[in-house]
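This report refers to the structure that appears directly beneath it.
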Amino acid sequence: MSKPENSIRFILDDRIISLDFTDGGDIRPDTSLLHYLRITGHKSVKEGCGEGDCGACTVVIAKIKDAKLTYQAINSCLVFLPMIHGCQVITTENLSYMQDGKLQLHPVQQALVDHHGSQCGYCTPGIVMSLFALWKNHSHITPSLVKERLAGNLCRCTGYQPIIDAIIDQSGKARHDLLNDSAEKIADELDAIHKESGDIHISTKDILYIKPASLRNALILREKHPDAVVISGASDIAVAVNKHKQHIDAYLDISSLNELKSIRSNAGHLKLGSCVSIEDTGEAVKDDFPALFEMITVFGSHQIRNLATAGGNIASASPIGDLLPVLMAYECEVVLQNRERKRILPLEQFISGYHSTLMREDELITALALPYAGKNVIIRSYKVSKRKDVDISTVSAAFLLSIDKNEVIENVKLFFGGMAATTVRAEEAEKYLTEKKWTEELAVQASRIIRDEFKPISDARSSDENRKIIAGNLLIRFWEDTAKTS
Ligand SMILES: Cc1cc2nc3c(=O)[nH]c(=O)nc-3n(C[C@H](O)[C@H](O)[C@H](O)COP(=O)(O)OP(=O)(O)OC[C@H]3O[C@@H](n4cnc5c(N)ncnc54)[C@H](O)[C@@H]3O)c2cc1C
Ligand code: FES
Ligand code: FES
């Protein structure tokens, strides 16, 4: 390993910023990008909730992918500063400019003005940045796409219609803005930062923050610092640190490791690197793993999906981790690696209890392997929550079913989230269903067994009784869905 750097470099306001943390002071490695932007004059970036729910802090990050800049909207309240090493950060302050003494608004900003898309203005910069990323990435903009991209931006006063109308009005129009002019220069600068970068090793009086430049180095450092908290998208960890003021002594940041971002199809499997974002996972699984794609469409918001990873979701081993039931239904395997070897475990076995897994302290999750399901296998996923978007599951479920030509059940697996301390299978109901004809009556009988099979808790989201009813009813919904498609 070459000598590690103790500072990070990124582009803001068209300049390369080099940030050295060793001096201490107000800026620490666990400082949020939101806080940094506000104290450096980017006052348009607002704090609403500080935990990824409101979108007031939305900024856009430009990164190099396939030698081109890609633009992603993210929640700056959930990003630790070293995570933006090698990126360009864009806020509304970077969209407009002065010409002949007159303020020239970005086309997205001008459209919002023209359509009266702002009132008190608190949410507006976040909305502008979400729409800016949409405008950069899509020339054809549909109402459903806008709604999906704005699900993570709360506006309490304007109402969404004028905002939607504003961006729809831009659909199909020529795309040119100030950022186009500098894109080539920015891409070259970011490329140079990446080429010159080795491991980053920031050590302050009370925090160690390590950001390795390769998987090999990450595994060496994982062994050397087994207590360091691994961060991938940081969408779980940053809430604990920035919102709940938890202090973490040591971080191992694997968020930029390209080796963990690959998506490959081989030997009957789709292999997803553990640091592939949930958004990119959705694109990759759309055709062959539709139930996983469905679950991803109701996972957090677009900003969250750009940060969060499937690796982080399974490592958290939350009883309400939305990807767990559906990944288990697809018989997902977890690839674990330490410095010397790889091992592969079925996800169902990997999750060992409430927020606990069989990962050893010198290992990282490096990939998820999804076998392509056979033609006669039906897999569906369901999420029940108080709100459709950006909400935690009350109950989630994923079901696998295969039936023979006489409609007799050969194989059935019923996975539930939110019903116990971990993702659980309704084994009694599975036994009852096996080798019987798949009919509505059978589904209704099995739904009664499901209701009695679990002892869920009552909490702010639901009573235990309600959870039992929901879980049972989801099987009846599954029957209806399979009846529609058969
Ligand atoms: C506003 C908001 C909305 C959300 N909505 C949803 C939702 O709809 N559904 C849902 O299930 N979750 C949701 N979450 C929770 C969170 O986004 C997910 O759990 C996410 O998948 C975590 O991934 P991450 O990469 O951000 O994890 P991180 O925060 O980086 O890490 C989470 C845990 O996994 C460990 N870890 C991460 N990657 C690895 C690895 N490769 N190897 C070993 N350990 C690793 C970390 O040490 C940590 O313990 C939401 C969170 C927020 C803030
Ligand atoms: S401040 Fe609410 S999402 Fe960041
Ligand atoms: S304009 Fe006031 S919250 Fe959206």
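With no solvent and one point on each alpha carbon, what is the Debye value of log10 I(q)/I(0) for segment 391-486 at q = 0.15, 0.18, 0.20, 0.22 Å⁻¹?
Log10 I(q)/I(0), no solvent term: -0.55, -0.76, -0.92, -1.08.
Relative contact order (percent) for segment 97-176, with alpha-carbon contacts under 8 angstrom and 6 or more residues of separation? Mind dumping the intermediate values first?
Values: 78 pairs, mean separation 33.2, N = 80.
Value for segment 97-176: 42 percent.
Per residue, how big is the convex hull around the C-alpha atoms of segment 23-122? Give it to me in cubic angstrom, could you? Mind showing how you got there, number by number?
Details: hull volume 15.5 nm³, N = 100.
That works out to 155 Å³ per residue.
Lys/Arg Cβ at +1, Asp/Glu Cβ at -1, dipole of segment 97-176 taken about the Cα centre: which of L103, G159, V146 is farthest positive-ward?
Positive-most Cα among the choices belongs to V146.
Cβ under 12 Å from E333's Cβ, E333 left aside: what net charge do those residues give with Lys, Arg +1 and Asp, Glu -1?
Numbers: positive: K271, K342, R343; negative: E331, E348.
It works out to a net charge of +1.
Please give the helix 124-137 orientation as an angle from the longest Cα principal axis of the chain, in degrees from 0 to 90, rounded to the nearest 10.
Roughly 80 degrees between the two axes.
Cβ neighbours within 10 Å, averaged per peptide: list 433-441, 36-44 in order, most packed at the top.
Working: 433-441: 14.1, 36-44: 16.6.
Highest-to-lowest ranking by the protection proxy: 36-44, 433-441.
Sort H247, H302 so that the residue with the fewest other Cβ atoms within 10 Å of its own Cβ comes first and the one with the most comes last.
Values: H247 9, H302 26.
By the 10 Å Cβ count, ascending: H247, H302.
Could you state the per residue volume, in Å³, of the convex hull enclosing the Cα atoms of segment 171-257? If you can, show how the numbers build up before the last one.
Details: hull volume 14.8 nm³, N = 87.
Convex hull volume per residue, Cα atoms: 170 Å³.
Quick one: length gained pulling D249 to N406 fully straight, 0.36 nm per residue minus the C-alpha distance? Present the calculation step by step, with values, prior to reporting the outcome.
On the way: separation 157, 0.36 × 157 = 56.52 nm, distance 5.99 nm.
Working it through step by step, the gained length comes to 50.5 nm.
Where the Cα atoms of segment 261-485 are projected onto their three principal axes, how long is each span, largest first, in whole Å?
Principal-axis extents of the Cα atoms in segment 261-485, largest first: 52, 44, 31 Å.
Compute the acute angle (0 to 90°) between the alpha-carbon long axis of helix 464-485 and the principal axis of greatest extent of the alpha-carbon atoms of the chain; round to the nearest 10°.
Result, in degrees: 80.
So if I place +1 on the C-beta of Lys and Arg and -1 on the C-beta of Asp and Glu, and nothing else carries charge, what would the dipole magnitude of the chain be about its Cα centre? I want it in debye, nearest 20. All intermediate terms of the calculation are to be shown ahead of the outcome.
Details: 56 positive and 64 negative charges, 59 e Å.
So the magnitude is around 280 debye.
For the chain, what relative contact order do you get, as a whole percent, if you take Cα pairs closer than 8 Å and at least 6 residues apart? If you can, show how the numbers build up before the last one.
On the way: 1007 pairs, mean separation 55.8, N = 486.
Contact order relative to length: 11 percent.
For the peptides 364-370, 449-455, 76-82, what is the packing order when you average, over each peptide's residues, the other Cβ atoms within 10 Å and list the highest mean first?
Details: 364-370: 24.3, 449-455: 18.0, 76-82: 26.0.
Top of the packing list down: 76-82, 364-370, 449-455.
Specify the inter-centroid distance of segment 1-67 and segment 388-467, based on alpha-carbon positions, in whole Å.
About 44 Å separates the Cα centre of segment 1-67 from the one of segment 388-467.
Expressed in whole Å with the largest first, what are the equivalent ellipsoid semi-axes of segment 97-176 derived from the C-alpha gyration tensor as the square root of 5 times each eigenvalue?
Numbers: eigenvalues 74, 56, 21 Å².
Semi-axes (√(5λ), whole Å): 19, 17, 10.
For the chain, take the longest principal axis of its alpha carbons; what is the angle in degrees between that and the long axis of helix 215-224, to the nearest 10 within 0 to 90?
Once rounded, the angle reads 80 degrees.
Just check segment 330-411 against the gyration tensor rule for me: Cα atoms, a ≥ b ≥ c as the square roots of the eigenvalues, rounded for a/c under 1.5, and otherwise prolate or oblate depending on whether a/b exceeds b/c.
On the way: a/c = 2.72, a/b = 1.34, b/c = 2.03.
Oblate is the answer for segment 330-411, as a/c is 1.5 or above yet b/c matches or exceeds a/b.
Per DSSP H run of n ≥ 4, the term is -39500 (n - 2.57); total these for the chain, divide by its residue number, and report the mean residue ellipticity at 222 nm rounded to 500 deg cm²/dmol.
Working: 16 runs with 157 residues, N = 486.
Taken over the chain, the calculation gives -9500 deg cm²/dmol.
Hey, fewest Cβ within 10 Å first, where do Y209, Y354 land in order?
Ranking Y209, Y354 by Cβ neighbours within 10 Å, fewest first, gives Y354, Y209.
I need the Kirkwood Rh of the chain: take the reciprocal of the average 1/r across all distinct C-alpha pairs and report it in angstrom.
Numbers: mean 1/r = 0.0418 Å⁻¹.
Radius from the Kirkwood sum: 23.9 Å.
Sort out for me the Cα centre separation of segment 325-376 from segment 195-234, rounded to whole Å.
Their Cα centres are 23 Å away from one another.
Just order 105-112, 462-469 by mean Cβ neighbour count inside 10 Å, highest at the front, would you? List each step's numbers first, then the result.
On the way: 105-112: 20.4, 462-469: 16.4.
Descending mean neighbour count gives 105-112, 462-469.
Go through A192, Y209, S182 and say which Cα lies farthest out towards the positive end of the charge dipole of segment 176-222; charges sit on Cβ, +1 for Lys and Arg, -1 for Asp and Glu.
Among A192, Y209, S182, the one farthest towards the positive end of the dipole of segment 176-222 is Y209.
Where a number appears in this text, it was derived from the coordinates with a stated rule and is not lab data. Computed from a prediction, not measured in an experiment: that's the story for all the values here. Here the Cβ is made from the backbone with ideal geometry for all residues, glycine too, and neighbour counts use every protein chain on show.
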